[in-house]
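The values are calculated or read from the model by the stated rules, or taken from the named source; none is laboratory data. This is a predicted model, so every value here is computed, not measured. Using ideal geometry, Cβ is built from the backbone for each residue, glycine included, and neighbour counts are taken over all protein chains shown. Calculation scope for accessible area: heavy atoms of the full protein, side chains included, ligands and nucleic acids excluded. Shrake-Rupley method; radii C 1.70, N 1.55, O 1.52, S 1.80 Å.
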Amino acid sequence: MLKFDVITIFPDIFKGFVEESLLARGQAKKLIKINLHNLRKWANDKHQTVDDRPFGGGPGMVMKVEPIMKAVKAVSSKTSKKTKVILFSPRGKKFNQEMAKKWAKLDQVVFICGRYEGVDERVADYLADEVVSIGDYVLNGGEVAAMIVMEAVSRLVPGFIAKKESAEKFDHAQFTRPEQLVIGKKKISVPKVLLSGDHKKIEEWRDGHK
Ligand code: 6GU
């Protein structure tokens, strides 16, 4: 079983995604487990403060290191070494399928979802094993990134996708019924070769339409 532990100030963002998708079935089948943790639980004042003003001045707030440090310590596996702590940041290394394949073999992945304008750099330097971005654009925080990465990684856990071959397929073009369709004034037919029953020709056509 692969455990995801998500540290975030917006755990509710994940609810529908976790409960209404294939991830719910993956959890029911005990292939994965998703634990959501509200970072504020590890704040040390009555206002549950998790951010502060940046040293050196400037606009915006910075996520504090101590609540994150306590959270990571509290949720990290005490028994397995096959674990990783990931910090989501637009400044991180771009996530890809190779990373997904490696993480699918772990026992636990801990995600730290950065918010606001940034996270105290000591989280990246001392607490996280890797800093990860999902692409060259800026989001409000790491929550959506965490969902994307959980989905990509979960698909690669053996048994999660019923047909093993489907798990890593970057699809070719596909058609289903009806064979003919009228769009405006045009009558469109699906490619004849796909109806031919000639499996070699069909494979060739699919290779050309990736
Ligand atoms: Cl991981 N976080 C934020 N805030 N923005 C991003 C991102 C992550 N990846 C791409 N843009």
Sorted by accessible area (1.4 Å probe), largest first, how do 9, 183 line up?
-> 183, 9
Taking H as built 1.01 Å from N, whose amide H comes closer than 5 Å to the amide H of residue 3, not counting residues under 5 places away?
-> 33, 108, 109
Here FRET efficiency (C-beta to C-beta, residue 207 to residue 96, R₀ 25 Å, nearest 0.05) is 0.65
In what sequence, largest accessible area first, do 111, 10 appear using a 1.4 Å probe?
-> 10, 111
Calculated FRET efficiency, residue 162 and residue 20, Cβ-Cβ r, R0 25 Å, to nearest 0.05?
-> 0.85
So, over other residues within a Cβ distance under 12 Å of residue 192, counting Lys, Arg +1 and Asp, Glu -1, the net charge is -1
Karplus (6.51, -1.76, 1.60) ³J(HN,Hα), θ = phi - 60°, over segment 171-178, in Hz, Gly and Pro reported as x = 4, 8, 4, 9, 9, 9, 4, x
Value of D in µm² per second that Stokes-Einstein yields for segment 73-187, Kirkwood Rh from Cα pairs, at 20 °C (1.002 mPa s) = 129
With +1 on each Lys and Arg Cβ and -1 on each Asp and Glu Cβ, and nothing else charged, work out how big the dipole of the chain is about its Cα centre, in Debye to the nearest 20.
-> 760
Whole-Å distance, taken between Cα centres, linking segment 39-73 and segment 126-142 = 17
Can you tell which of 114, 145, 157 lies farthest toward the positive end of the dipole of segment 97-207, using +1 and -1 charges on the Cβ of basic and acidic side chains (Lys, Arg; Asp, Glu)?
-> 157
May I ask you to compute the full-extension gain from residue 175 to residue 105, defined as 0.36 nm times their residue separation minus their alpha-carbon distance, rounded to one decimal in nm?
-> 21.8 nm
DSSP-defined antiparallel bridges as percent of all bridges, segment 2-165, nearest 5 | 10
Over all viewing directions the Cα convex hull of the chain casts an average projected area in nm² of 16.9
Among the listed pairs 93/163; 105/164; 3/163; 164/200; 105/169; 73/93, give every one whose C-alpha distance is greater than 26 Å.
-> 93/163
Only loop residues by DSSP count here, and only those with at most 16 other Cβ atoms within 10 Å; note down the GluC sites (Glu not before Pro) in segment 71-152 that meet that.
-> 117
Karplus-derived HN-Hα couplings along segment 137-142 (A = 6.51, B = -1.76, C = 1.60, θ = phi - 60°), whole Hz, x at Gly and Pro = 6, 10, 9, 6, x, x
Net charge over other residues, Cβ less than 11 angstrom from the Cβ of residue 180 (K, R count +1; D, E count -1) = +2
May I ask for the net charge around residue 70, where only other residues with Cβ less than 12 Å from the Cβ of residue 70 are counted and Lys, Arg are +1 while Asp, Glu are -1?
-> +3
